[in-house]
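To start, the structure itself, in structure tokens.
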Amino acid sequence: MIGFSSFLYVICVYSSNRATKCSVFLYNEPNASQSMICHSEFFVERLRYEKPQVFTDLVLSNITRLIDLPGEEFAQLTGDSEPRLPSSSSNGFLRSFNFLKRKEKRVVFGAPLTEEGIAQIYQLIEFLFKNLHVEGLFRVPGNSLRQAALKEMLNAGADIDLETGDFHPNDVATLLKVFLGELPEPLLTHRHYHAHLKIGELTLFDDNGDKTNVPDKERQIESFQLLLMLLPPANRSLLKLLLDLLHHTARNQHANKMSAINLATMFAPHIIWPKNMVARDLQGDIEKLNNGVAFLIRHSQKLFKAPDYIKDYAKAHFLGSKALQSNDDMLLGSGSDDGSGAAVASAYPSPSVRSNTEKSSESLSYTETALRELYQQVNSMPESAKKKKLIRKFEKQPGLTPSAESRSPFTRRHQRSRSFSGIIKGFHYKIVAVRTPGSS
């Protein structure tokens, strides 16, 4: 088990050389003689490392509230199914063979992403932060011979003094793109590919409940906050560093002539395009992918913060939820709280950790309870034609409208219930997360 000091290190590891705003609160560990000053994300990180399945289920249940992921795409996101990506017109065998040779050499370039590799690449990022004024940064290629020498030094694990003037910022910028392009898997991962496309399609509704062409930025930001929490730790660390760099590069576009969309066009092929793909393989998705990466760049300062309800749940999981419940929360709560974090009163659906006593006293099946919870969520949606259609489906099923009874079962592995097939059609991505009695 990772100690608390490790959590604080994980949160602050890359902020040592740059000013960072931190939110803190005083935390008393039970039976401890001293109090600890904790970062606001402390309990989120603790939940991630101590209870990874609880953490994953919590995040997934909220992602499916925001974006429509059909069963197969949801299974790809969770890792229960291999990602189905656009077919490639090129042969990836040679590249795969070269990757195996690189892996044997234990190099940085072309090897799986690790924290040690990030520490080497961070030398490039740190140097580029000091050269954001260079016109055409990331667009103008560097010198190939200097890049080859720098690449060899990084692969050897050397500490490099880039301030000597031996390397131009364009050399360093181009090599950073090369590093990302040679990763065995895109930085944003194959599993998340379809989710990124779906987030880009989130738009606002008009007064009649019809979709408009205006992006729903708040819902997109919240969706990305959740999705990026599911990235492997090394990917998330490097992505945060990269987006921070590109964000500040775009803020200096008056000097470097590189806007967020220009930068996205340069980096999308390296961080989100499926491997071995070329432009003709992706057809109409290229513009969506470029716009998605540009959105990440523009809003990067918000994307690596957990939503408040995730922080509240994580804190309640370890400390109990009594201190977190407001009067409004308690009206939405599903019952009494034993102080163990079993119930988290929230306006958002989230898993609830229940004791064996609660499980044994459940009067409804897990599927029925999940459907009632889903009805409650549908009922809280903004007025729209889609909402009315879903409500009508529920009303055709007697006994499924929610009462004051307990609900919000804990979602575990994603096993589809064959019952109520008519009612779950159209939003089965929610139901596949139901844990049936006796499942592990």
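The values are calculated or read from the model by the stated rules, or taken from the named source; none is laboratory data. All of these numbers come straight from a predicted model, not from anything done at the bench. The protein model used for the area step is the full one, side chains on, heavy atoms only, and it has no ligands, DNA or RNA in it. Shrake-Rupley method; radii C 1.70, N 1.55, O 1.52, S 1.80 Å.
Side notes on the structure shown:
- Extent of segment 252-309 along its three principal axes (Cα atoms, max minus min coordinate, largest first): 39, 38, 17 Å.
- Surface exposure of segment 177-301, expressed per residue as accessible area with a 1.4 Å probe, stands at 40 Å².
- Alpha-carbon centroids, segment 129-177 and segment 234-266: separation in whole Å: 16 Å
- Intensity falloff of segment 214-291 expressed as log10 I(q)/I(0), Debye formula with alpha-carbon point scatterers, at q = 0.23 Å⁻¹: -1.30
- Taking only protein heavy atoms and a 1.4 Å probe, the accessible area of segment 123-242 is 50% carbon and sulfur.
- Backbone HN-Hα couplings from phi across segment 258-267 [Karplus 6.51/-1.76/1.60, Hz, Gly and Pro as x]: 10, 7, 4, 6, 5, 5, 4, 4, 6, 9
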